[in-house]
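A quick write-up on the structure given underneath.
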């Protein structure tokens, strides 16, 4: 996977900071993208009455997120030679566990070392003006800020360089990401 990491770009940050909107814009621009694990798992688990919800069983929710993110990397490998933009990555699971005060299992550390991304990771800073809660995003603004710091800490510890996204409309963020990745 080492050869592919240079074309795997991660967008991370706290909830409600505009990551998914930017991922959607990248998809509309013709780039391969991944789907955010958290919302997908919440939707799936809610639909079946499952227990792996962050407000019921945070550890089980984290396991499903880890599995989802690893599978997203496997799918991205099939996009031979094409850049892929990820709406979060494997290290986000470690950040979630840290934020939740749960131990980070050894297999989660191993996954973060095995499934690598481009060394420069885009981070969406806390943006109170666009933050909103909904039935899937129940976090408060304070928890969003703590999530941001936990994620930045984990990615930095794993050797990634954090590239803050500008607090700007999605079109400007899109131009920024494409310029920073050399894909403009």
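The values are calculated or read from the model by the stated rules, or taken from the named source; none is laboratory data. Everything quoted here is computed from the prediction, not taken from an experiment. Heads up, the Cβs are rebuilt from the backbone with ideal geometry, glycines too, and the neighbour counts pull from every protein chain shown.
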Can you find a residue that is more than 27 Å from residue 176 (Cβ to Cβ) and at pLDDT 95 or above anywhere in segment 84-97?
yes
Answer yes or no as to whether residue 176 is in contact with a strand residue (DSSP E or B) (Cβ under 9 Å, 6 or more places away or on another chain) and free of Cβ contacts under 8 Å to residues at least 40 places away in the same chain.
yes
Going by what's in this entry, would residue 102 be described as surrounded by fewer than 22 Cβ atoms within 10 Å (Cβ to Cβ), farther than 13 Å from residue 15 by Cβ and in contact with a helix residue (DSSP H, G or I) (Cβ under 9 Å, 6 or more places away or on another chain)?
yes
Tally time: how many residues in segment 33-47 are touching a residue at least 24 places away in the same chain (Cβ under 8 Å), crowded, with 18+ Cβ neighbours inside 10 Å and part of a helix (DSSP H, G or I)?
4
Unmet requirement for residue 90, which otherwise passes all of (1) more than 15 Å from the chain's Cα centre (by Cα); (2) within 19 Å of residue 6 (Cβ to Cβ)
(1)
Check off (1) under 22 Å from residue 125 (Cα atoms); (2) at pLDDT below 95; (3) surrounded by fewer than 21 Cβ atoms within 10 Å (Cβ to Cβ) for residue 13 and give me the number that stays unchecked.
(3)
For segment 64-80, check the following and say yes or no: at least one residue is in a loop (DSSP other than H, G, I, E, B) and either at pLDDT 95 or above or crowded, with 19+ Cβ neighbours inside 10 Å (or both).
no
Please find, among 50, 30, the residue that is within 28 Å of residue 182 (Cβ to Cβ) and either surrounded by fewer than 21 Cβ atoms within 10 Å (Cβ to Cβ) or free of Cβ contacts under 8 Å to residues at least 24 places away in the same chain (or both).
30
